[in-house]
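Report on one structure; see the data block that follows.
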Amino acid sequence: MTFVRAGLAGWVIGTLCGVLTLGACGEGSSAQPTTPGAVATSTTPAPAPSADPTPVVTDKAGEPLVPPERPAAMDNDDEAGAQAAAEYFMEVSGYAVRSQDLAEFTKLCDPESIYCSAVIEEVQADIAAGNVTVGGAKIFTTIAVDPPDEHPFYIVWGTLARTPFTVFDASGSIVDKLDGDDALDFAVAVQRQSDGQWVVRGAEAGVVQPS
């Protein structure tokens, strides 16, 4: 059984992130003498410029795009760590295709993973084409974890839920719209590296743990 198939192509869709920065810089004035030779007795200092708030990254619908938080359990070199890594990976995958930010997703991927390569390539293609996606967040729920045996990686079995999403082209026209999924069978193979980091060796949709 292989765990490196790209999975469902419809799950690999890019999105556009907009940056909204709000802020203002106040300008003050100083009291100056109005009579020749007069000495200014007081001045009104200019208020310090106000700091710009942290930029808010939003999707096409104006909803905030917040990257997933890395779970503390990923520090564990055990089944709990493998489970946390798989669940985090799928959340990051959903975030990557919505935000088109591939940085964290790429760090989690084995370069030989066909699934990872397919996600990266299709997101890059959507960036080039100007396609955007609203929705499509992913949540992976673990059912069981197989520890390394004849293979060096853990296999995390579970189900994947994906929220509904809509795909727009560069002109704003809808090119795809799907209702999402509630419990798609999914498996993720993760391996602990010598540097303590987890990487995903592969992922596959539509498979269940052998009985």
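The values are calculated or read from the model by the stated rules, or taken from the named source; none is laboratory data. Note that the structure is a prediction, hence the values are computed from the model and not measured. Glycine also receives a Cβ, built like all others from the backbone with ideal geometry; neighbour counts cover every protein chain displayed. SASA here: full protein model, heavy atoms, side chains in, ligands and nucleic acids out. Shrake-Rupley method; radii C 1.70, N 1.55, O 1.52, S 1.80 Å.
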Within the range 94-106, does at least one residue satisfy the condition of being open to solvent by 40 Å² or more (accessible area, probe 1.4 Å), hydrophobic (A, V, I, L, M, F, W, C), at pLDDT 95 or above and part of a strand (DSSP E or B)? no
I need the full set of residues from the range 67-82 which are in contact (Cβ under 8 Å) with a residue 24 or more places away in the chain and either open to solvent by 20 Å² or more (accessible area, probe 1.4 Å) or closer than 20 Å to Asp149 by Cα (or both), in order please. Pro67, Pro68, Asp75, Asp77, Glu79, Gly81, Ala82
Filter result (part of a strand (DSSP E or B) and more than 20 Å from the chain's Cα centre (by Cα)) within the range 189-201: Gln191, Arg192
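Condition check ((1) among the acidic types (Asp, Glu); (2) in contact with a strand residue (DSSP E or B) (Cβ under 6 Å, 6 or more places away or on another chain); (3) crowded, with 16+ Cβ neighbours inside 10 Å) across all residues:
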site	(1), (2), (3)
Gly136	no, yes, yes
Ile139	no, yes, no
Asp146	yes, yes, yes
Leu160	no, yes, yes
Ala170	no, no, no
Val190	no, yes, yes
Asp195	yes, no, no
Val200	no, yes, yes
Among the residues of the range 176-188, write down those that are assigned to a strand (DSSP E or B) and open to solvent by less than 80 Å² (accessible area, probe 1.4 Å). Asp176, Leu178, Asp181, Ala183, Leu184, Asp185, Phe186, Ala187, Val188
Does at least one position in the range 83-93 carry a residue that is open to solvent by 30 Å² or more (accessible area, probe 1.4 Å), touching a Lys or Arg at 6+ places or on another chain (Cβ under 9 Å), of a type outside the set (A, V, I, L, M) and modelled with pLDDT under 95? no
